[in-house]
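Each remark here refers to the structure printed beneath this line.
The values are calculated or read from the model by the stated rules, or taken from the named source; none is laboratory data. No experiment lies behind these values; they were computed from the predicted model shown. Here the Cβ is made from the backbone with ideal geometry for all residues, glycine too, and neighbour counts use every protein chain on show.
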Amino acid sequence: MAHSSIKSGFHQLSERLNQFPQGAPPSEYLFKILSVLMNEKEARVMSALPIKPFSIQTASAALRMSEEDTEKILIELASRALLMDIESPDGSRTFVLPPPMAGFFEFSLMRLRSDIDQKLLSELFYQYLNVEEDFVRDLFVSETKLGRIFVNEQTLSTVNDLHILDYERTSEIIKKASNIGIGMCYCRHKMNHLGKACDAPLEICMTFGTTASSLIKYGHAREVRVSECMSLLEKAYDHNLVQIGENEQEGLPFICNCCGCCCEALQAIKKFGTLNAINTTNFLPEIKEANCNGCGRCVLACPVGALKVVSENATNAKVLKKARLDEEVCLGCGVCVRACNCGTIKLKHREKRVITPVNSVHRIVLLSIERGKLQNLIFDNQALYSHRAMAAILGAILKMPPIKQIMASEQMKSKYLAALVRNYK
């Protein structure tokens, strides 16, 4: 009976994934998803890989295999977008185990594939993400958000345009990207297999930088120039899609063009009735009620149901219909401004500016502190951290507010870290 207590490779990988700040709650549906994406031996290999980016040599030591055999396995996993394969300008090669989302869950549906059953996978994703809810709740309901909204730049006035930063503009992200890859929208592709997809464009998911280069290398995305990507952004605007990217200022790996009916992040906002799911823009719609005719076009366009039409009595006994905004739910995306055909809605600045983490290290450390997983980043038992990686994490901690520093110190139970926090001015 001893063999029955041995964990399967899928259970081991599930435990490994839960060391990421986002996590992936164990579930029979999760294990079924993993079994479609890989075999059990591959799951065991992935469960032994470091959380942080790693070299072939590091993986070889963790797997206790020759470097030649290790490289073959890593390339095979990267060819199916289960790992990212990143080549630096200096010729060095690094692999990354992405989190489930935004990561290898999405990558599995970013192109049409015959090596896996994408219909079955879509059905499993739907059960795990849309029905069970634990994963989506853990993923999106947190103080530090996983993603952020970009404003529809066509809806900005001249005054607004002076107060928006480059990292808040989709167009600037596209223009400055070192590589651009276009793939299928995971959410609509999934819903398409379930017969629930809308008619918004499918091939419009944008990836950038090293993420794009890895996906392009193995055929999960196609390489495009800035001009084509800008045309796709215009197409997204025409279909009232909302731009959502990872919540960081630097090194943005992706921007999704999302609809309210298929996107899991936008559905989470509607389902849980909270903006905890995602960072808003720094704008809010302002409705000039005197000009509003209550047509409801803005209500239909809003991806999260932040607008509704209400009836009110006028002085001449007539009943007037007017649009009303729920600011607690509004994304500030500007889709409603574009939908309004009578110029009733304009964007204004939010009273309190939305803070965006500087980079992925800053965001991941914040998430790790909030979820009690900081020790997993620093004491990764699959590989020793380099001094540079440790310095990046500690540097991010020391720039945080005092309460976050205290939380980090308590999680680490480290006299060294406590001393750093006390002495840092």
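Computed values, structure above
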read-out: Subset tally (residues that are at pLDDT 90 or above and not in a loop (DSSP other than H, G, I, E, B)) for the range 72-101; value: 15
read-out: Test for Phe104: is it outside any loop (DSSP other than H, G, I, E, B), at pLDDT below 85 and surrounded by 22 or more Cβ atoms within 10 Å (Cβ to Cβ); value: no
read-out: Scan of the range 219-233 for residues that are part of a loop (DSSP other than H, G, I, E, B), surrounded by 21 or more Cβ atoms within 10 Å (Cβ to Cβ) and either out of contact with any Phe, Trp or Tyr (no Cβ under 8 Å at 6 or more places or on another chain) or modelled with pLDDT under 95 (or both), ordered by number; value: Ala221
read-out: Test: residue in the range 274-296 that is under 24 Å from Val159 (Cα atoms), basic (Lys, Arg) and in contact (Cβ under 8 Å) with a residue 40 or more places away in the chain; value: yes
read-out: Every residue from the range 1-25 that is assigned to a helix (DSSP H, G or I) and either at pLDDT below 90 or of a type outside the set (Phe, Trp, Tyr) (or both); value: Ala2, His3, Ser4, Ser5, Gly9, His11, Gln12, Leu13, Ser14, Glu15, Arg16, Leu17
read-out: Those helices (runs of 4 or more DSSP H) lying entirely in the range 118-184 with at least 3 residues crowded, with 16+ Cβ neighbours inside 10 Å and modelled with pLDDT of 75 or more; value: 118-125, 170-176
read-out: Identity of the residue in the range 26-48, among the aliphatic types (A, V, I, L, M) and part of a loop (DSSP other than H, G, I, E, B), that ends up nearest to the chain's Cα centre (by Cα); value: Met38
read-out: Complete set of residues in the range 175-203 that are among the hydroxyl-bearing types (Ser, Thr, Tyr) and within 17 Å of the chain's Cα centre (by Cα); value: Tyr186
read-out: Options Arg64, Arg44, Arg80; residue that is within 21 Å of Asn179 (Cβ to Cβ), among the charged types (D, E, K, R) and out of contact with any Leu (no Cβ under 7 Å at 6 or more places or on another chain); value: Arg80
read-out: Residue in the range 44-52 that is of a type in the set (D, E, K, R) and in contact (Cβ under 8 Å) with a residue 24 or more places away in the chain present; value: yes
read-out: Count of the range 72-107 residues which are over 22 Å from the mean Cα position of the chain (by Cα) and either at positive phi or among the aromatic types (Phe, Trp, Tyr) (or both); value: 1
read-out: Checklist (1) more than 22 Å from the chain's Cα centre (by Cα); (2) surrounded by fewer than 14 Cβ atoms within 10 Å (Cβ to Cβ); (3) not in a helix (DSSP H, G or I) applied to Asp69, failing item; value: (3)
read-out: Residues of the range 250-293 classified as more than 21 Å from the chain's Cα centre (by Cα) and surrounded by fewer than 17 Cβ atoms within 10 Å (Cβ to Cβ), total; value: 6
read-out: Residue among Ala236, Ala200 that alone is in the same structural domain as Thr155 (by TED's automatic domain parsing), touching a residue at least 24 places away in the same chain (Cβ under 8 Å) and not in a loop (DSSP other than H, G, I, E, B); value: Ala236
